[in-house]
Each structure stands twice: as structure tokens, then as C-alpha cells.
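The values are calculated or read from the model by the stated rules, or taken from the named source; none is laboratory data. The shown structure was predicted, so the numbers you read here are calculated from the model rather than taken from an experiment. FYI the Cβ positions are ideal-geometry reconstructions off the backbone, even for glycines, and counts take in every protein chain you see. Keep in mind that these areas ignore ligands, DNA and RNA; they rest on the heavy atoms of the full protein, side chains included. Shrake-Rupley method; radii C 1.70, N 1.55, O 1.52, S 1.80 Å.
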Amino acid sequence: MLFSEITAKFMEMEKTTKRLELTDILASLFKDAGDDLKNITYLIQGKLAPDYENTEFGISDKIIIKALSNISSLSEEEINKILYKNGDLGTTAYEIGSKIRQRPLFKENLTVKYVYDNLTLLARSSGHESTKTKINIYKNLLMDSSPDDIKYITRIITGKLRLGVANSTILDSLVLAFSDKDYSDAIETAYNFHPDIGYIALLLKNNDIERIKNTGPDPLIPFKVMLAERLKSIKDINEKMNHNSAYEYKYDGLRTELHKKGDVIKIFSRGLEETTMNFPDIQKNFKDSYKFDSIIIDGESVPYNPDTGELYPFQMVSQRRGRKYGITEISKEIPIVMFIFDILYLNGKSLVNLPYPERRKILEDNFNDNDYFKLATRIVSDDENIINKFFEESIENGCEGIVAKNTSDESVYRAGARGWLWIKFKRDYEKELADSMDLVVIGAFNGHGRRTGAYGALLMASYNDENDTFESFTKLGTGFTDELLFSLPEMFSDKIVMKKPARVNTKIVPDVWIYPEIVMEINGAEITVSPAHKCAYNLIEKDSGLALRFPRLVKIRNDKKPEDATTTKEIVELFKMQKKTK
Ligand code: AMP
């Protein structure tokens, strides 16, 4: 396929924010993709491989500006001026590309494969000469491609393609192109166990529905973890579970997937990032403690004191994230224990379709607690007094609360899904608003007075996972330290976009639009009906949505993607729960 065909589709996509139209355009692109299908599924996400392979281009805007200056007769300062006018490096590259006179006629037949291969070379080049190599590859690409092509290639390299399509839209487009809606659930499940759109695309193109149905957990490939719903009382949980449940401590640490295949042990976060580098101790301790050929376990890692058994706050673990140096020293200072609460795979066999009690039994048969790995503490009971005592004990032992786990025959491991098979219960649920929420920044308002130069408030949205949109829900202006507040313009600088991003649904127009990428944890006093906001619009009341009153920042959640934010559906549930207790 020619790259210009992708460019044409990208241009079409930019003209719409309607999900159905985007799906149609992508489906027609996929149908025409031929052997390039897999690579195209990555390119439209601005990537070269599935997320968990961590393929980064490793090239900054500054280097692109240098390359553009190099290739044109313009100074870096002049390029910066054009960039300032456009607000986008892609358009800037387009302008430079159009201006270069002496360049040989660009390749009319620039193929997707050629671009993909060159981008791969660019991403792979490392070492002290790598900047030079990257600049050269980029310059050659610019010479070879039309101005429109280089616009999108530049956006891909700088991580700003932003076509407004989430993975769920890409999956829908693949279904539209090659399959049948009847298989949508099976396809989503396959993707949740094997979150590689390229892999799923090929199975669909080959009409390999059997393999789609059989796609389960695979050691060393991260899966999307199972999530919990929430309820406000043990009584409600018991009723919802039909009195068929066990209760486990809810540990307050970092969700941890541990995979082993042969001699290789890898650790992944709930965001599917590989974090083995941050936890060399867990890797080593597992290797020293157990002899499985292959295994996948799910649990929570918590810093603790092995002498007293005391658990420490989550922040002590998060210090390790992203650290490259001194990990060994830190792991000595702050030992980690992984509390294992599920097993998905053992010695060549998937266990996800077994009911939870059987999976737990397998854990008990195969693991003896030691200083580094312990099974989650639990009880099996439906006696409210006993469960309440267990809950109090969990808090005394440094946990956040408890998680009820369904014990019926249907209690499979459901990757990527929040469902009533797991229900969490925390202390603050009994108080005013049940639990904090994770909301997505979609816009910002300029600050005045003391906040001049910073933002005065942020426009925050919930995630509507049914139509893949971000719906405005509240204006957040409190809970920030001055330091954080004044660091926001810098933090948002490469996320500011000129017009309302696709997928954003709001009536309120902020001073600046922020591309939905940043998630913040927010507390609030009350959810109210509001005509100003688009969250759950027309669902509770005609011409009105829901809004959060008195929101307050708890913390920035770098570990969450926008699609992991609190969903509109959950907010509706919270709203109903709140009304019930009034
Ligand atoms: P939340 O982050 O509030 O939605 O709560 C769900 C999180 O609790 C999961 O993603 C896990 O990281 C954590 N967790 C701690 N202990 C358990 C447990 N025993 N079972 C399931 N999840 C747990």
C-alpha cells in the first residue's frame, strides 16, 4: 500500500469527530491494507508495536526543529516562529516540505512498508551517534515524502498523531472490515488477554474465529487486569453476591502481574507497562523461591517491614517507578511483599475459565507464604458480623478495606472488565461521597490574581466507555499546592490542542483545550444534576447531565490511561447510591 493512501484517510478522519464516521474510514483503510494491515494498526495509534513492547522513537521536538532547519535554509529560530504560528510540528514540517525547491521530486510511490521500516530504524538507533542517525533518517523521509505525508509522519514520531481513536474504535473498525458483530465480545476478551491490536487484526483478517475464542493469557504478554465494582455496605454486597462470596484484604500498593516462561520472569503494571526494571528484587525472589515452568499470577505489591510485618504506604513503592539507578539500594531499604490474589496460568495451561475457588485452591496448593510472597488474607463467610470484624482487622493491618470475590461457578477471571464478580468496600464509602474518582483533564482556564501565569481551574471529564467519549463533569480548582499549580502549564504544554479534540463532549468551552491524556484522582462533596455538564446527559434528567460539586485534587494518576478513568456508568451508580442514602 502507498503511504499516501493512509495520509488521505488521516485527512478524512481529521474532518470528523463522529465515532461512526471514524470507524467507517478506518474499516475501509483496513480492507485495502493487504499485507500492511498489522503495521497500519500500529501506525494509526502513532506506534510501531503494541504498547507493552515499549518502542519509543526517542526524538524530541528540538531535534526535529534542528533537522528542519538543516534541510531548509531557515534558522532554528525561524522554524520556531513557524511552529509558534501553527502550534503543531506536523504542519510546520508540511510548510518546510512544500518550500524546499531543490529537492528531487518526492517518491510518488512511497510505500507504507518503506515508512514503517525507516521509522523502526529511527526508533532502534541508540548509542552516542544515535541523534545524528535519527536526524538523517528523518531528513531522508522528508525528502522522499509529499508535504502531506511528512505532516503525519512528523506527528507520529513526536507522539502527536491524535486522531481521536481509542483502541475500542480500532477494534470496532476491524470487526466492521473483517468480521461480524456477533463476535464482538469474543474479540474484546481476546484483546484483553492479548492487548496487541496487530495480532487481533491478523486473526480477524484470516477469519480465525476459533483462535480468537481461544486467545487467553500468554506468559510474558501482559493482560488487562480484572477490576472491581463498589458498593456502600456489606449488606448490599452480600445481597448482590447472593451470599456466595469470599472476602480478601484490599492491599494498598501497586497492582502487579508476574509472568514466567522458561527462565524469563517479567513484571507488568496495571497499565501494561513492563516494570521488571523497577522490581529486580521481586524477580530474583520469585526465581529463588519457586520452580514453575510457566506461570502468571496477579497481586498487589506493598512495601513492608519483614521484622514486624508492618505494611507501609504506597508512596514508598511509587518512588521506585521510573528509577533507573540505585534500585538495588532502594530494594534493600524498602523490601516488597507481593500479595498474590489470583492465578491465570500454570505450566502450560490457562486457568481463567475455572471458578475463583478453584483458582484459589491452586494457589494454596502451589504457594507457601514466605517473606516476599504471601497469599491474600481472606475469609469465606456471609455473616455480616464476621465480615465487619474482618474489615476492621484489614484496616488495623494497614489495608484500605476489603474486596468481595464471587465464589459461584461463573466466577471466571474477566480480564479488563469491571464487573460484579469483585466488589470493593472501603471505610470512606460509609461517609458522604463514596470513594474518589479518576477524571480526565480536557481543558484549562487561565488563572487570575494570585494564579496569573498558572491555570485557575481545569475542566475534568468522565469516560463514557459505551461511545468512547470524555464527558465534562466538573471544574477543578482546589487541592493543588502552589508548586504543582505553577508546574501545570509546563506539564500540559505538549498536550494543548487548537480545537476541541475528537471524543471530547462538553458545552463548556475552556480557554485552552487539553488532549485527553492526563488522569487525576478527585474527591468531591456531592454529585448533582446540572444542565452545564455532559456527563450522563439526558440519562437522569432531560437536557441535563451530572456534575461533581466541590471537587478537590487528591493526586495525579500517572499510572492510569484516560480510558481507565471513572466511567459515566459508574458515576450514574454513585449518583443513585448517594440518593438512596439521603
Ligand atoms: P481501586 O483501585 O480502588 O479500583 O481498587 C481495585 C484495586 O485494588 C485493584 O486494582 C488492586 O490493585 C487492589 N487490590 C488490593 N487487594 C486486592 C485483592 N485482594 N483483590 C483484588 N484487588 C486488590
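What do you reckon, is I267 in contact (Cβ under 8 Å) with a residue 60 or more places away in the chain and buried (at least 20 other Cβ atoms within 10 Å of the Cβ)?
Values: in contact (Cβ under 8 Å) with a residue 60 or more places away in the chain: no; buried (at least 20 other Cβ atoms within 10 Å of the Cβ): yes.
Against the criterion (in contact (Cβ under 8 Å) with a residue 60 or more places away in the chain and buried (at least 20 other Cβ atoms within 10 Å of the Cβ)), I267 does not qualify.
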Q: State all residues of the range 510-535 that are under 23 Å from N167 (Cβ atoms) and either assigned to a loop (DSSP other than H, G, I, E, B) or not assigned by TED's automatic domain parsing to the domain that holds D468 (or both); if no residue qualifies, say none.
A: Y515, P516, E517, I518, K534
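Filter the range 317-362 for residues that are small (G, A, S) and modelled with pLDDT under 85; which is farthest from the ligand (Cβ to nearest atom)? Let's see the steps before the verdict.
To start, the set of residues in the range 317-362 that are small (G, A, S) comprises 318, 322, 326, 331, 348, 350.
Still in the list and also modelled with pLDDT under 85: 318, 322, 326, 331.
On the way: S318: 13, G322: 19, G326: 26, S331: 20 Å.
Within the range 317-362, the match that is farthest from the ligand (Cβ to nearest atom) is G326.
I'm checking my understanding of the structure. Among residues of the range 146-171 that are farther than 20 Å from N39 by Cβ and open to solvent by 10 Å² or more (accessible area, probe 1.4 Å), which one is farthest from the chain's Cα centre (by Cα)?
Start the filter on the range 146-171 by keeping residues that are farther than 20 Å from N39 by Cβ, which leaves 147, 164, 168.
Now restrict to residues that are open to solvent by 10 Å² or more (accessible area, probe 1.4 Å): 147, 168.
Details: P147: 32, S168: 12 Å.
Once the filter is applied, the top-ranked residue is P147.
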Q | Matching residues, the range 350-363, being farther than 12 Å from A246 by Cβ and open to solvent by 20 Å² or more (accessible area, probe 1.4 Å) | A | S350, N353, L354, E358, I362
Q.
Name the residue that is nearest to the ligand (Cβ to nearest atom), counting only residues in the range 248-264 that are surrounded by fewer than 19 Cβ atoms within 10 Å (Cβ to Cβ) and within 23 Å of the chain's Cα centre (by Cα).
A. R255
Q: Please give the number of the condition Y372 fails out of (1) crowded, with 16+ Cβ neighbours inside 10 Å; (2) at pLDDT below 95; (3) within 14 Å of the ligand (Cβ to nearest atom).
A: (3)
Q: Residue by residue through the range 228-248, note down the ones that are in contact with a helix residue (DSSP H, G or I) (Cβ under 9 Å, 6 or more places away or on another chain) and of a type outside the set (D, E).
A: R230, L231, K232, S233, I234, K235, I237, N238, S245, A246, Y247
Q) Name the pairs whose Cβ atoms lie under 8 Å apart, with the first residue in the range 368-384 and more than 17 Å from D281 (Cβ to Cβ), the second away from the ligand (no atom under 14 Å from the Cβ) and among the acidic types (D, E), and 6 or more positions between them or separate chains? A) L375/E364; L375/D369
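Okay, residues lined up against (1) in contact with a Leu (Cβ under 6 Å, 6 or more places away or on another chain); (2) at pLDDT 95 or above; (3) within 30 Å of K62 (Cα to Cα):
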| site | (1), (2), (3) |
| --- | --- |
| N467 | no, no, no |
| T478 | no, no, no |
| L484 | no, no, yes |
| I518 | no, yes, yes |
| I527 | yes, no, no |
| K542 | no, no, no |
| G545 | no, yes, no |
| N558 | no, no, yes |
| K580 | no, no, no |
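Within the range 446-478, how many residues are open to solvent by 30 Å² or more (accessible area, probe 1.4 Å) and over 24 Å from the mean Cα position of the chain (by Cα)? Walk me through how you get there before you give the answer.
Initial filter on the range 446-478 (open to solvent by 30 Å² or more (accessible area, probe 1.4 Å)): 446, 448-453, 465-467, 475, 478.
After this cut, where a residue has to be over 24 Å from the mean Cα position of the chain (by Cα) as well, the list is 446, 448-453, 478.
Matching residues across the range 446-478 total 8.
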(Q) Filter the range 175-203 down to the residues that are open to solvent by less than 30 Å² (accessible area, probe 1.4 Å) and without any contact (Cβ under 8 Å) to a residue 24 or more places away in the chain and list them by number. (A) L203
Q) Which condition number does L439 fail, the rest of (1) on the phi > 0 side of the Ramachandran plot; (2) out of contact with any helix residue (DSSP H, G or I) (no Cβ under 9 Å at 6 or more places or on another chain) being met? A) (1)
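Rundown of residues vs (1) more than 30 Å from F193 (Cβ to Cβ); (2) in a loop (DSSP other than H, G, I, E, B), yes/no style:
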position	(1), (2)
N385	yes, no
E392	yes, no
I395	yes, no
S408	no, yes
K424	no, no
G456	yes, no
Q: Any residue in the range 274-300 that's more than 16 Å from the ligand (Cβ to nearest atom): show its pairings with residues that are of a type in the set (D, E) at Cβ separation under 9 Å, as long as the two are six or more apart or on different chains.
A: E274/E53; N285/D371; K287/D263
Q | Any hit, the range 46-56, residues being in contact with a strand residue (DSSP E or B) (Cβ under 9 Å, 6 or more places away or on another chain), at pLDDT 90 or above and outside any helix (DSSP H, G or I) | A | yes
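Results for (1) open to solvent by 20 Å² or more (accessible area, probe 1.4 Å); (2) in a helix (DSSP H, G or I); (3) under 24 Å from G416 (Cβ atoms), shown as yes or no for each residue.
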| residue | (1), (2), (3) |
| --- | --- |
| E229 | yes, no, yes |
| I237 | no, yes, yes |
| A246 | no, no, yes |
| L272 | no, no, yes |
| D281 | yes, yes, no |
| K284 | yes, yes, no |
| K287 | yes, yes, no |
| D298 | no, no, yes |
